[in-house]
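Accompanying notes for the structure given below.
The values are calculated or read from the model by the stated rules, or taken from the named source; none is laboratory data. Keep in mind that what you see is a predicted model, and the values were worked out from it rather than measured. In this analysis, Cβ positions are derived from the backbone assuming ideal geometry, glycine residues included, and neighbour counts consider all displayed protein chains. Just the protein is used for accessible areas: all its heavy atoms, side chains included, with ligands, DNA and RNA removed. Shrake-Rupley method; radii C 1.70, N 1.55, O 1.52, S 1.80 Å.
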Amino acid sequence: MSEVARESMEYDVVIVGAGPAGLSAAIRLKQIGGEDISVVVLEKGSEVGAHILSGAILDVTGIDKLIPDWKEKAAPIKTEVTSDHFNVFSKSGGFTIPHILMPPLLSNKGCYIVSMGNVCRWLAEQAEAIGVEIFPGFAASELVYGEQGELVGVVAGEFGLNPDSTQSVGYEPGMELRGKYVLLSEGARGSLAKQVIANFELDKNADHPKFGLGMKEIWEIDPSKHKLGHVEHSLGWPLGSEAGGGSFIYHLEDNQVYVGFTVHLDYKNPYVFPYMAFQQFKHHPQVAKLLEGGRRTAYGARVIASGGIQSLPKLVFPGGALLGCAAGTLNFARLKGNHNAMLGGIAAAEAAAEALKAGRHGDKLSNYETEIRTGAIAKELNKVRNVKPMSSKLGAVWGTILAGADMWFASLFGTPLFGTWGHSKSDAMATEPAAGHQKIDYPKPDGKLSFDRTTNVSFSFTNHAEEQPCHLKLADPNLPISKNLPEFDEPAQRYCPAGVYEVVEQSDGSEPKFVINAQNCVHCKTCDIKDPARNITWVTPQGGEGPNYPNM
């Protein structure tokens, strides 16, 4: 517990993170308990949705369960998927896999193309209307434990620390938000969730956590090229055999398209440059034809939890639980996690409400864990549990073929054909020394379809005050130059999609310097995952900082 004297506020349930999981939990708690259950949601973004880059296909099973009349309540869920293509790209062409060959569980029928930022803003309105308190711009930066080691709250709203972590003249200590239960729904690789997992050894019996880096741009395109409700996914070029991953293009309202690219972070070659591969992808003839004459209006990046059910840690601990992508319930094969986040939030709320009614507090919400591991989420994740390890171990071609067969079997018989495959190693440990790999020559961005990182980061509207401690912590400040540079050509220069890390050569011939441009950070968390020395820890900066994705 912090030694700083702080005021405290007491609630029945404290929720960290105003994403789909946290907001669903908050709404469900108030639906059950009304005024008898007090709920607060803390959001580090300047507003709800500020840190959620628009662009997703939403399976509506979660929102159907939470708010069945969402259509009547004018939810921003309007564009139903009308057509769905899956492409395999070569450098200058490729082919579309016939829909009849695709495993049924990958179908997007009945799903909607949405701005999750706007969906979360709408969910926040629904939550506040029934009595949930939401504090945006209020970053939870520290955990508060009770006398028995249980989690009893968080510290939030601390401002005014100097770069050396001393208190400035305008220092505000923030306050302790205490709850009988604390639900962590920070998204993938949440900083508090990471601490809780380590403290309670929640991952002791879980497989390695696995992640992908997702990058997105929003484009406004020529109306004559726009196909409302059209969806495309692809794999193949430009990643080839260097890394797993693929792309997506979603056509939503107002002649907008979401253009996205994911790269699995277990790639071996430290010269892989995920951001540049994304920019290169847009020069594929089929994609370039779509985007030419249009304009990019937003950019952002975020890691996704792709390990599947094998990588799920224990979800409950004394005093709280992990929700949504903080737990890792995303369906990697479908590239969908929002519906499971909502279903998980509902389950956590119901378990917490039951516990509160029984007069309990500070213990484990075991019913929540049981529901996740035996209910709808587990049934869905179990069917696709081999997709990620197969693609990682067998490569894009054979991994895709075998995973397709496995999913077909699971679609027909309810369980995968090939048992359960595990993950070989963490994403950090997958990185191999540079000496065993060739450098990759990525084309220079043309400023029309492709852009340099600095320019694109300006379209994330990210902002960090310079007079504060750096939120990217190095356990050993010397390792980037002494170890990572000679062994791996310091991959932080390339894996970061925002250009945060640089190796700067010195004019006098002295040792290069490792520079952290923390103000560029878009809070993707890649560095916390991929650094081969596991030397970087991402912690939350002051509230309201980071990206400010547009309301569109």
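Between the range 496-542 and the range 236-289, how many Å separate their Cα centres? Centre-to-centre distance over Cα atoms comes out at 23 Å.
Here the spin labels are modelled as points 7 Å beyond Cα on the Cα-Cβ line, and at residue 504 and residue 253 they lie 4.6 nm apart.
For a paramagnetic label modelled on residue 220 (point 7 Å from Cα along Cα→Cβ), amide N atoms under 20 Å away belong, within the range 531-550, to 548-550.
A Cβ-based charge dipole, computed about the Cα centre of the range 368-506 with Lys and Arg at +1 and Asp and Glu at -1, lands at about 680 debye.
Residue separation of residue 463 and residue 366 scaled by 0.36 nm, minus their Cα-Cα distance, works out to 30.9 nm of gained length. According to the calculation over all Cα-Cα pairs in the range 350-499, the P(r) per 10 Å bin from zero is 8, 19, 20, 28, 21, 4, 0 %. Charges at C-beta only: +1 for Lys and Arg, -1 for Asp and Glu. How large is the resulting dipole of the chain about its Cα centre, in Debye rounded to 20? Dipole magnitude for the chain comes out near 1900 debye.
Of the listed peptides 448-457, 189-198, what is their order by residue-averaged count of other C-beta atoms within 10 Å, with the highest listed first?
189-198, 448-457
Here, the range 82-151 yields an orientationally averaged convex hull projection of 11.0 nm² when only Cα atoms define the hull.
Scaling the Cα radius of gyration of the range 314-408 by the globular reference 2.2 N^0.38 Å produces a ratio of 1.30.
Among the GluC sites (Glu not before Pro) in the range 99-180, those located in a DSSP loop and surrounded by at most 14 other Cβ atoms within 10 Å of their own Cβ are 147. In a fully extended conformation the segment linking residue 409 and residue 292 would gain 38.0 nm over its present Cα-Cα distance, using 0.36 nm per residue.
When the Cα convex hull of the range 217-270 is projected onto planes of every orientation, the mean area is 4.2 nm².
The distance between label points at residue 85 and residue 35 comes to 5.7 nm (points 7 Å beyond Cα on the Cα→Cβ vector).
As I understand it, the dipole of the chain uses +1 on the Cβ of Lys and Arg and -1 on the Cβ of Asp and Glu, about the Cα centre. Which of 284, 307, 50 lies farthest toward its positive end? Ranked along the dipole, the leading option is 284.
Spatially, the range 426-474 and the range 51-87 are offset by 31 Å when compared through their Cα centroids. Taking 7 Å steps out from each Cα toward its Cβ at residue 92 and residue 201 produces label points 5.9 nm apart. With bins 5 Å wide beginning at 0, the percent of Cα pairs of the range 10-121 falling in each bin runs 2, 10, 16, 17, 16, 13, 9, 7, 5, 3, 2, 1, 0.
Quick check on the range 288-360: take the gyration tensor over C-alpha atoms, sort the square-rooted eigenvalues as a ≥ b ≥ c, and tell me if it's rounded (a/c under 1.5), prolate or oblate. Judged from the Cα gyration tensor, the range 288-360 comes out prolate (a/c at least 1.5, a/b above b/c).
Computed 3J(HN,Hα) for the range 154-165, one whole-Hz value per residue from the Karplus formula 6.51 cos²θ - 1.76 cosθ + 1.60 where θ = phi - 60°, is 9, 8, 9, x, 7, 9, x, 7, 6, x, 8, 6, glycine and proline marked x. Within the full protein context, the accessible area of residue 393 is estimated at about 100 Å² for a probe radius of 1.4 Å. Here the range 171-200 and the range 369-407 have alpha carbon centers that stand 30 Å from each other. Using equal-weight Cα scatterers in the Debye expression, the normalised intensity of the range 344-392 in log10 at q = 0.13, 0.23, 0.24, 0.33 Å⁻¹ is -0.41, -0.79, -0.83, -1.14. Panel note: the C-alpha atoms of the chain, placed on their principal axes, show extents of 64, 63, 46 Å (largest first).
Maximal additional length on extending the residue 3-residue 424 stretch stands at 147.4 nm, based on 0.36 nm per residue less the C-alpha distance. Can you give me the P(r) profile for the range 467-535? Cα pairs, bins 10 angstrom wide beginning at 0, each as a whole percent. Percent of Cα pairs in each bin: 20, 56, 22, 2. With the convex hull drawn around the C-alpha atoms of the range 204-340, the volume per residue stands at 130 Å³.
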